[in-house]
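Below: the structure, in structure tokens.
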Amino acid sequence: MAAKKDIEEIFSKSVRSGRRTYFFDVRSTRAEDYFLTITESKRDFNEDGTPFYKKHKIYLYKEDFESFKNALSQISEFIIKEKGTKIISNTKSEDKEKKTDNQDESGFTEVDLDELS
């Protein structure tokens, strides 16, 4: 079996966003033309706590650039118009930050032991 040919990266940029990183890589086809790969890499954890990365890729060829850019622009504008630029999120970390009624300023929860018996 022939060894898989290494794909040369011509140009690369990355964007970090929380637990995700987006990679934009220019690569070369067998005919020596260029195409773009967009990779989303998201850090996650196994049950034993060891980290691993989930990856999703999109391959984008020159003939699709214009329609892709137009669709991305339209979708981005729609989202900003409808929801604004403020981030709206309901993550577990945000839920932990919300104080309960019996939680003081230090972050500790006050417990009345007499109420437990």
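Computed from the coordinates by the stated procedures, all read-outs in this text should not be read as laboratory data. From a predicted model like this one, the values you see are computed outputs, not experimental measurements.
Based on the alpha-carbon gyration tensor of region 9-85, what equivalent-ellipsoid semi-axes (square roots of 5 times the eigenvalues) come out, in whole Å, largest first? Don't jump to the answer; show the numbers that get you there.
Numbers: eigenvalues 132, 102, 17 Å².
Those come to 26, 23, 9 Å.
For region 56-61, backbone phi angles converted through the Karplus equation (6.51, -1.76, 1.60; θ = phi - 60°) give residue-by-residue couplings of 10, 10, 10, 9, 10, 9 Hz, Gly and Pro being listed as x.
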